[in-house]
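See structure below.
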Number of protein chains: 2
Amino acid sequence: MNKIDDSAHRYVHGYSEREIERLVDQATTLTDLLHSDTRYPAGVSVLEAGCGVGAQTVTLVENSPEAHFTCVDISNRSLQRAKARVEATRHRNATFQQGDIFNLPFPDNHFDHAFVCFVLEHLEKPVKALCRLKSKLRPGGTITVIEGDHGSTYFYPGSTEAWQTIQCLIDLQARIGGNALIGRQLFPLLTKAGYRTPSVSPRMVYVDASRPDYVDGFTKNTFIAMVEAVGGDAIKAGLINASTWDKGIKGLKRTTEGDGTFCYTFFKGTGTN
Amino acid sequence: MNKIDDSAHRYVHGYSEREIERLVDQATTLTDLLHSDTRYPAGVSVLEAGCGVGAQTVTLVENSPEAHFTCVDISNRSLQRAKARVEATRHRNATFQQGDIFNLPFPDNHFDHAFVCFVLEHLEKPVKALCRLKSKLRPGGTITVIEGDHGSTYFYPGSTEAWQTIQCLIDLQARIGGNALIGRQLFPLLTKAGYRTPSVSPRMVYVDASRPDYVDGFTKNTFIAMVEAVGGDAIKAGLINASTWDKGIKGLKRTTEGDGTFCYTFFKGTGTN
């Protein structure tokens, strides 16, 4: 749900300070769900492609303190953020390098593993990106891919306008070549890119009033914040009018009350070179 | 996804032989996902309300061989099926009794626990049903509720017509007073019925070509079979035309090919009296 695409920094969520806060809120709340089963052994080299502001990087270095991470992003500004974030931890097992996922500045067969989180959704050619990453992996090396899927969202109470605001985000992302419904496609994408034994598991976030940390950390500060941030663009693009937008955001917020529920699913896939 | 409602056997899926096969296919594929964490200790009494043809009952008696189950259904014909199905196992810890969930033939505070699976979705007044069940529980007794949610369905490749066939099932169920989107509502329903410490967990079924048992047992023989079975009713009711219906079913079947994926989520809730 973050990261930029390959075409000159067109990133649907923008680069504001609030967006950076949102990415960190998201990463904190979702750490166990998304990362707990990714641990790299001592001495291996891992390419994190599209590290953005380092929201996932801090978890990677923490969970695999004896692996070495090479973190790449197309945005130098994001890379500096990522670097500062990791430097604020006690870990020194990551290096940062500016680069394009389609033209990676490394020789072939260079890395033991690759890790890509919330990147493919922003790319026009995700299979091509997976192929390029594959070429940088040694034989037997693995890739781990994590993506969201905005079409996996549903909630109670229902609201047509709330769903329309989500559709705006899906449409805006499609207009700049992305795919906000990519989670459900990880299996065929990994297969098409030629990875062996692809395996995908859903990571569903279910939120109700008995989980107040998720009501705040996920529904409000991650999901609704992400949708709200594209309101201006959606109205400007003529995808929705301001009054429907406001009703929709109210509808989303309504799901955070005591009798509301909210569902969203991330997908995590792995494959072997 | 089975069971009848309280108003004289209006059951959206019908009572055909194929439907009975479907219910058993469904129960077999989903047994671990839905039931593995329900084990009742020796000596306790459990009310299974709306046991239908016993698709879940065989798992209950198998997983808790020293508990005693009282299985109730409004349909005597279904009850006979359920009884025969349990008699075909080595277990003798279930008795069967015809009865209405809104007018249960037992004194108050009679059971240690209650179990309800794929029943509330067919009832016009699910909170009332939960209250009636609560009155039959001893203080401290628990209820376990399992329901599907057809609105949780999404798949790849996408197909508008495929989604329309699912919407037909949702609409038909609503017309006879049911709610095919009830899974996401278990938390507020249990809360409204006065259960203490309600807790709900999603049970997501994710299907791709690496899980051929789920492609057959769930996507084809459970979900698509369930949708296909209401085709005649949906067309007769004017909800869809025959050609769109056929395209939709083809779209659903397309998701079972090598590059397809299919997602559906059940919800399991518990609460204490």
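Antiparallel DSSP bridges in chain B: what percent, to the nearest 5?
50 percent
Work out the length of the dipole vector of segment A:90-129 about its Cα centre, built from +1 on the beta-carbon of each Lys and Arg and -1 on the beta-carbon of each Asp and Glu, and round it to the nearest 20 debye.
Roughly 200 debye, rounded to the nearest 20.
Expressed as an acute angle from 0 to 90° and rounded to the nearest 10, what is the orientation of the C-alpha long axis of helix A:126-135 relative to the principal long axis of chain A?
Between the helix axis and the principal axis of chain A, the angle is about 20 degrees.
Evaluate peptide A:254-260: per residue, the Cβ atoms of other protein chains within 10 Å of its Cβ; return the mean as an integer.
On the way: counts 0, 1, 0, 1, 3, 6, 4.
Counting other chains' Cβ atoms within 10 Å and averaging over A:254-260 gives 2.
In Å², nearest 100, what accessible area do chains A and B bury in total when the solvent probe is 1.4 Å?
2100 Å²
Share of antiparallel DSSP beta bridges in the protein assembly as shown, in percent to the nearest 5? If you can, show how the numbers build up before the last one.
On the way: 40 of 78 bridges.
The antiparallel fraction comes to roughly 50 percent.
Using Cα positions and a limit of under 24 Å, work out the lysines in reach of B:LYS247, with same-chain residues fewer than 8 apart set aside.
Counting by Cα, and skipping residues close in sequence, B:LYS247 has these lysines nearby: B:LYS220, B:LYS236.
I need the fraction of alpha carbon pairs in the protein assembly as shown separated by more than 48 Å, rounded to a whole percent.
Everything past 48 Å amounts to 15 percent.
Considering the options A:THR255, A:THR89, A:PHE115, tell which one lies farthest towards the positive end of the dipole of chain A, charges being +1 on Lys and Arg and -1 on Asp and Glu at the Cβ, about the Cα centre.
Farthest towards the positive pole: A:PHE115.
Can you give the helix-only mean residue ellipticity at 222 nm for chain B, where every DSSP H stretch with n ≥ 4 adds -39500 (n - 2.57) and the sum goes over all residues, rounded to the nearest 500 deg cm²/dmol?
-10500 deg cm²/dmol
Taking a point 7 Å out from Cα toward Cβ as the label site, list the nm distances between A:THR160 and the same residue in every other copy, smallest first.
Label-point separations across copies, in nm and ascending: 1.7.
Where does helix B:17-35 land angle-wise versus the long Cα axis of chain B, in degrees 0 to 90, nearest 10?
For helix B:17-35, the angle is close to 70 degrees.
Give the chain A residue with the shortest beta-carbon distance to the rotation axis relating chain A to chain B, plus that distance as a whole number of Å.
Of all Cβ atoms in A, the one closest to the rotation axis yields A:MET204, 2.
Net charge around A:ASP259, counting only other residues with Cβ within less than 9 Å of its Cβ (Lys, Arg = +1; Asp, Glu = -1)?
-1
Suppose all protein chains stay in the model; what accessible area per residue would a 1.4 Å probe give for the protein assembly as shown, in Å²?
38 Å²
Taking every residue in A:201-209, how many Cβ atoms of other protein chains lie within 10 Å of its Cβ, on average? Please list the in-between numbers first.
On the way: counts 2, 7, 1, 8, 1, 8, 1, 10, 4.
Partner-chain Cβ atoms within 10 Å, mean over residues of A:201-209: 5.
Can you tell me the order of A:109-115, A:237-243, A:80-86 when each peptide is scored by its average per-residue count of other Cβ atoms within 10 angstrom, highest first?
Going by the mean number of other Cβ atoms within 10 Å, highest first, we get A:109-115, A:80-86, A:237-243.
Do any cysteines in chain A lack another Cys Cβ under 4.7 Å, and if so which?
A:CYS117, A:CYS131, A:CYS168, A:CYS263
Once neighbouring chains are kept in place and the probe is 1.4 Å, which whole percent of the accessible area of chain B is contributed by carbon and sulfur?
On the way: 5030 of 10250 Å².
That fraction is 49 percent.
Please check: in the Gaussian network model of chain B (C-alpha springs, under 10 Å), which one of B:LEU133, B:LEU186, B:LEU104 has the largest mean-square fluctuation.
The residue with the greatest mean-square fluctuation here is B:LEU104.
Taking a label point 7 Å out from Cα toward Cβ, give me the nm distances from B:LEU33 to the same spot in the other copies, shortest first, one decimal.
Nearest to farthest, the other copies are at 1.8 nm.
Would you mind checking which residues have amide H under 5 Å from A:CYS51's amide H? H placed 1.01 Å from N; only 5 or more apart, or other chain.
Amide H neighbours of A:CYS51, under 5 Å, 5+ apart: A:VAL72, A:ASP73.
Measure out, as a whole number of angstrom, how far apart the alpha-carbon centroids of segment A:196-222 and segment A:109-149 sit.
23 Å
Say a label goes 7 Å from Cα toward Cβ at A:GLN97 in every copy; what distances in nm does this one have to the rest, shortest first?
7.4
Only four residue types carry charge here, +1 at the Cβ of Lys and Arg and -1 at the Cβ of Asp and Glu. Report the dipole size of segment A:187-234 about the Cα centre in Debye, rounded to the nearest 20. If you can, show how the numbers build up before the last one.
Values: 5 positive and 5 negative charges, 86 e Å.
Around 420 debye, computed over segment A:187-234.
Rounded to the nearest 20 Debye, what is the dipole magnitude of segment A:162-273 about its Cα centre when Lys and Arg each give +1 and Asp and Glu each give -1 at the C-beta? Write down the numbers at each step before the final one.
Working: 13 positive and 9 negative charges, 90 e Å.
The calculated dipole for segment A:162-273 is roughly 420 debye.
Give the lysines whose C-alpha is closer than 18 Å to that of B:LYS192, dropping any in the same chain fewer than 8 places away, or say none.
Within reach: B:LYS125, B:LYS128, B:LYS134, B:LYS136, B:LYS268.
The values are calculated or read from the model by the stated rules, or taken from the named source; none is laboratory data. If you're wondering where the values come from, they're calculated on a predicted model, not measured in any experiment. When we count neighbours, we look across all protein chains shown, and the Cβ atoms used for this are built from the backbone with ideal geometry, even at glycine. The area values use the complete protein model at the heavy-atom level, side chains included, leaving out ligands, DNA and RNA. Shrake-Rupley method; radii C 1.70, N 1.55, O 1.52, S 1.80 Å.
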